[in-house]
1. Give the residues of segment B:280-303 that are open to solvent by 80 Å² or more (accessible area, probe 1.4 Å) and on the phi > 0 side of the Ramachandran plot, sorted by residue number.
2. Kindly list, by first and then second residue, each pair from a residue in segment A:214-240 that is of a type in the set (Phe, Trp, Tyr) to a residue that is crowded, with 24+ Cβ neighbours inside 10 Å, limited to pairs with Cβ atoms under 7 Å and residues at least 6 apart or on different chains.
3. With the requirement that a residue be open to solvent by less than 30 Å² (accessible area, probe 1.4 Å), assigned to a loop (DSSP other than H, G, I, E, B) and in contact with a helix residue (DSSP H, G or I) (Cβ under 8 Å, 6 or more places away or on another chain), what does segment C:128-151 give you?
4. Could you tell me whether any residue of segment C:206-216 is within 14 Å of chain A (Cβ to nearest Cβ), within 16 Å of ligand 5 (Cβ to nearest atom) and within 25 Å of residue A:60 (Cα to Cα)?
5. Among the numbered criteria (1) open to solvent by 20 Å² or more (accessible area, probe 1.4 Å); (2) within 19 Å of the chain's Cα centre (by Cα); (3) not assigned by the TED database to the domain that holds residue C:130, which one does residue C:240 miss?
6. Residue check: is residue C:67 without any contact (Cβ under 8 Å) to a residue 12 or more places away in the chain and more than 16 Å from ligand 2 (Cβ to nearest atom)?
7. Consider segment C:194-251. How many of its residues are among the β-branched types (Val, Ile, Thr) and part of a loop (DSSP other than H, G, I, E, B)?
8. Across segment B:38-92, what is the number of residues that are closer than 30 Å to residue A:218 by Cβ and within 16 Å of ligand 6 (Cβ to nearest atom)?
Amino acid sequence: MVNLTTKIGGLLLQNPVITASGTFGYGEEYVDFIDINQLGAICVKGTTLHHREGNLYPRMAETPAGMLNAVGLQNKGVDYFINSINPRLKAFQTTFIVNVSGSALDDYIETAEKINAVDNIPAIELNISCPNVKQGGMAFGVDKDAAAEVVKEVRKVYHKTLIVKLSPNVTDIKIIAKAVENEGADAVSLINTLLGMAIDAEMQTPVLSTITGGLSGPCVKPIALRMVWEVAHTVNIPVIGMGGISNARDAVEFFLAGATAIQIGTANFIDPTVSLNVLQGIQDYLERHHYTSISEIIGALKIS
Amino acid sequence: MVNLTTKIGGLLLQNPVITASGTFGYGEEYVDFIDINQLGAICVKGTTLHHREGNLYPRMAETPAGMLNAVGLQNKGVDYFINSINPRLKAFQTTFIVNVSGSALDDYIETAEKINAVDNIPAIELNISCPNVKQGGMAFGVDKDAAAEVVKEVRKVYHKTLIVKLSPNVTDIKIIAKAVENEGADAVSLINTLLGMAIDAEMQTPVLSTITGGLSGPCVKPIALRMVWEVAHTVNIPVIGMGGISNARDAVEFFLAGATAIQIGTANFIDPTVSLNVLQGIQDYLERHHYTSISEIIGALKIS
Amino acid sequence: MKKFIGDWIISANISLNKSNFLLKLTYSEPLPLILPGQFVQIKIDNVSSAFLRRTFSINYVNVDKKEIWILIQIVGDGTQALSKSKPGEKLNLIFPLGNAFSMPYSKKSNLLLIGGGVGIAPLLFLGSKLKEEGVTPNFLIGAKNADGLIELDEFHKHGNVFVTTEDGSVGEKGFVTEHSVLQNTFDKIYSCGPTPMMKAVARYAEKYSIDCEVSLENKMACGIGACLCCVTPTQHGHQCVCTEGPVFNTKELVW
Amino acid sequence: MKKFIGDWIISANISLNKSNFLLKLTYSEPLPLILPGQFVQIKIDNVSSAFLRRTFSINYVNVDKKEIWILIQIVGDGTQALSKSKPGEKLNLIFPLGNAFSMPYSKKSNLLLIGGGVGIAPLLFLGSKLKEEGVTPNFLIGAKNADGLIELDEFHKHGNVFVTTEDGSVGEKGFVTEHSVLQNTFDKIYSCGPTPMMKAVARYAEKYSIDCEVSLENKMACGIGACLCCVTPTQHGHQCVCTEGPVFNTKELVW
Ligand SMILES: Cc1cc2nc3c(=O)[nH]c(=O)nc-3n(C[C@H](O)[C@H](O)[C@H](O)COP(=O)(O)OP(=O)(O)OC[C@H]3O[C@@H](n4cnc5c(N)ncnc54)[C@H](O)[C@@H]3O)c2cc1C
Ligand SMILES: Cc1cc2nc3c(=O)[nH]c(=O)nc-3n(C[C@H](O)[C@H](O)[C@H](O)COP(=O)(O)OP(=O)(O)OC[C@H]3O[C@@H](n4cnc5c(N)ncnc54)[C@H](O)[C@@H]3O)c2cc1C
Ligand SMILES: Cc1cc2nc3c(=O)[nH]c(=O)nc-3n(C[C@H](O)[C@H](O)[C@H](O)COP(=O)(O)O)c2cc1C
Ligand SMILES: Cc1cc2nc3c(=O)[nH]c(=O)nc-3n(C[C@H](O)[C@H](O)[C@H](O)COP(=O)(O)O)c2cc1C
Ligand code: FES
Ligand code: FES
């Protein structure tokens, strides 16, 4: 039996397979298909200080080997999460991570502070990289000073495991990663979606109500893998890798590149059982290659 | 009969379909499959001051709806191009654009100067965005001051149509586009490849000899379209759009987003006749929608 | 309602006209409860341009045969590929998804089911259920022309059928909202079809204070309420068509 | 040599063992000149993971029947999909690509054609051509075991066949470079197979000063010299395997 446990800062996960924020609801949506208790963790939907209606429909466009979304952080706000959703989550035996989103510094701080007080939530993922809201989180994620500031301020009020989710829409993601590490992030997760656009040639209109949206799915995997590799060689905190992971082989690639855990997003839409299949596949890979622990392949890429 | 001619600075193209540098050799490679004289233009392989052997094999990895390449600007240098290749190109009736690549400012200047003296070459595409060579062009393309400087210096010695090819590996491509416009670029072309990576999970090695490489093909289309849209709304010079175009519908999307001409790259590998099929399809689209000129759809995206 | 993921076997693929076909699918296990108005998400293998699942209403359910029907219009690569699928092949489905049409309180209800184009799909199942429960439904079906009228024989099995065609080739000429059957009084209208048609029906229903339910077709990624892509504006804000719908009472919608 | 793009019809798909199959393809027009060692690029439709064309040697040409054979080993999604293709289906090919094995100067040449695994593919065509030109080739074929020996009957039609298997189940036990036929003197060796095998053959040829040509299998994007992805280091710098090769004289290679 291989050891699949993995550590993200002070947080010990039973295994390194996490479902990505915005693609797995609150986990409950998937209980008919899989035993979500077997997941390493679940990153819940982006949560903001106040209720948000999100963007207008249409919010989705299919693209080659991927999709664009422009959900725009629709959620009922952090208080609703704490009072009405979280109590139900306590029934599950997996780790829930709250994806904290915002459009202003104070929003992040206040939301993080509220989640800090929630017993059963041991970590937040600070989403400074959502491309889908005006004056949205992405502005923080693409500027090293802004990224540093939000992490610094959140760190003051948030005392559990702080994961910062990075934007791929930058010239040099290493600089942003380093900046948030310096301010006390316990881990970074990447990548969030890439800013993209879809056009309906016959209607001559954008497909999304917001014109641009966030690209995810297998199409982004090569970019995500490169960024995980770059960041893992830059920071000393754990890196959580994601972007297009659809099967165990993809996941292994991210571990080899240096990811301590991985997240699965868009692939859940095509196969709601994919996360546990990936978990099983990782275990099979480790056994086939005679490893005893997932840690043995993390960053193990051979460079000649 | 619709009017397909399109103007790039002082250069009039018979139609807006150009084959992309590095994917169409010198055009000669395709004469068995199509009449290359019918193309709007051909961007020849990246040409440097000196002969370059390029990167070690393997240089290619297939990815979901795309590919990574790490050719590394293999070419025999500008003098060889002028003396041994270009004389043959004079037999063709299409426009040849030389893609000028380099790894130092002086290389760009000297190469551009030499091409300036070549009668039958009315334009260069200044490649400040190749991700595949160490200290390579991309360093210029991701920094607005460096980009401005190389364009400024090349502009001094190059007096024909100067197209600057932009890198998508930046936080804000609009800033780079504006910077090169300010220094006298006649047009910008985008996107070059996105920096990506592929890993062989079983071998636990990178697939490419250079570890990272440039991503192209349909997978990048949403990103390319977004950048073309952003740049077209920023600069007043023509924008040549590319990235994943595989059929006429894709091409029309780029025109609607604001491209004055389009380039076709990776798709040539899958179908060596694709460029003329796209040309025919654009014509059909225009006729079907009762347009008389390609110019009528350039930037015609309807935003509500 | 519990959702499932599983492989179904294609038992028949029947071409109805140039652009419509009917898939009959059978399941290896007893069917779970499936209600009229619910839909499935089908995984399309081996079509590079069909990345996400494709969403289709459940056209008819035969519990004894462990069979469901899916009525499909060919519009793009995904539906094109499905049209070429052959009996014996497997299709992976997530099912049954979404809410359902509400069933009438009284067996005496006079019900009108208005469908246009492939939007008739869920109405056959709804009508068959109503019939089972002792209410004979009235189907009002609109199409461009005679060729666009599909499954009419099936509808005749379960209720009264009224038809309009835009070219007048069959039934009354014009749009569904112009059909003379509307001069009767109805207790409830159910509708599915192109949005302009459903909006016209909703306006008609509002005018005559008839309760009206429509089935929406928003673009979906997950189909199970996880991605929040498929929303429609309602009196209670954005709601997911895949979980709060696809059936909405038109009073709830911000149209 | 002029290259073509066109649709071929699958006339037969013959399974040879668990992982190898033979496709016979026919063309509607008279075949252009095709030489031994040349290859084709096949477009794989409807396999989302097969984005680029797949490259295969031409295994055999029958000009009269306007037919070519492609011998394929299943290694990934693309070849897997091809293995399921059915007679009557079309495949789009770019052909004929690359250079060719050089033919001997003299009809008295004693030639050895060494193939391993699916690398035997181009050697059948080469052998058949040599035979046509009056030179009886010697085929030396290596495989892991009896099951890995494919097309042996075809090779027997065109020359003398020698076999090694790693488990000794057929022919001599061991690697091709250990076979006793190598004690004879040869004027030229042609080889295609796994790189370690070809390197061993090249070392052998060098040791005994025998002219040696090998066929390389680098990863290709375009197949026609346009992308410069498929290079191999040679005495003259990087050369494209798709245009300067796939056949190289081992003297030219930097191995
Ligand atoms: C709840 C619901 C029930 C439906 N029931 C039926 C039915 O019974 N019969 C039927 O023929 N069609 C039905 N549709 C529409 C059907 O889902 C689309 O026609 C189909 O997805 C098109 O796929 P494609 O690959 O052929 O087309 P493409 O145009 O290539 O599809 C591209 C993308 O757009 C989406 N899309 C395209 N058209 C629609 C549409 N009208 N609605 C939603 N998404 C769309 C696709 O899912 C895909 O993501 C229903 C849609 C919904 C949401
Ligand atoms: C000149 C030449 C001749 C060849 N002749 C034959 C032949 O006659 N019979 C045969 O079975 N195979 C032959 N091959 C190898 C064949 O091209 C690959 O096995 C095939 O492309 C694998 O495709 P896949 O989708 O099944 O595998 P995947 O592993 O999914 O392919 C992934 C990618 O790697 C490339 N690739 C994988 N293996 C190879 C390989 N060995 N060589 C080159 N590219 C590869 C594919 O083209 C694709 O781009 C030849 C290759 C070359 C270059
Ligand atoms: C529909 C959708 C909604 C998303 N919502 C969020 C979100 O609320 N917060 C966040 O940090 N990331 C969000 N993401 C990004 C994903 O968590 C993930 O970073 C991205 O999709 C890349 O991974 P993938 O390719 O596996 O999907 C969303 C992605 C999708 C597709
Ligand atoms: C194999 C290969 C080689 C390339 N070489 C060059 C080059 O020499 N100079 C350059 O400016 N761009 C080069 N490119 C980038 C293309 O010109 C184009 O910008 C990019 O591939 C995006 O377009 P596509 O998706 O249509 O291929 C190359 C791309 C590929 C795939
Ligand atoms: S389709 Fe995902 S929430 Fe409705
Ligand atoms: S495969 Fe493109 S040059 Fe050889």
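1. B:290
2. These pairs meet every condition: A:229/A:257; A:229/B:197.
3. Answer for segment C:128-151, where residues must be open to solvent by less than 30 Å² (accessible area, probe 1.4 Å), assigned to a loop (DSSP other than H, G, I, E, B) and in contact with a helix residue (DSSP H, G or I) (Cβ under 8 Å, 6 or more places away or on another chain): C:137, C:150, C:151.
4. Checked against the condition, which is being within 14 Å of chain A (Cβ to nearest Cβ), within 16 Å of ligand 5 (Cβ to nearest atom) and within 25 Å of residue A:60 (Cα to Cα), segment C:206-216 yields at least one hit.
5. Condition not satisfied by residue C:240: (1).
6. Taking the combined requirement at face value, the residue does not satisfy it.
7. The qualifying residues number 5.
8. Result for segment B:38-92: 20.
The values are calculated or read from the model by the stated rules, or taken from the named source; none is laboratory data. Values in this document were obtained by computation on a predicted structure and should not be read as measured data. We place every Cβ from the backbone using ideal geometry, glycine too, and count neighbours over all the protein chains shown. The accessibility values were calculated without ligands, DNA or RNA, using every heavy atom of the protein model including side chains. Shrake-Rupley method; radii C 1.70, N 1.55, O 1.52, S 1.80 Å.
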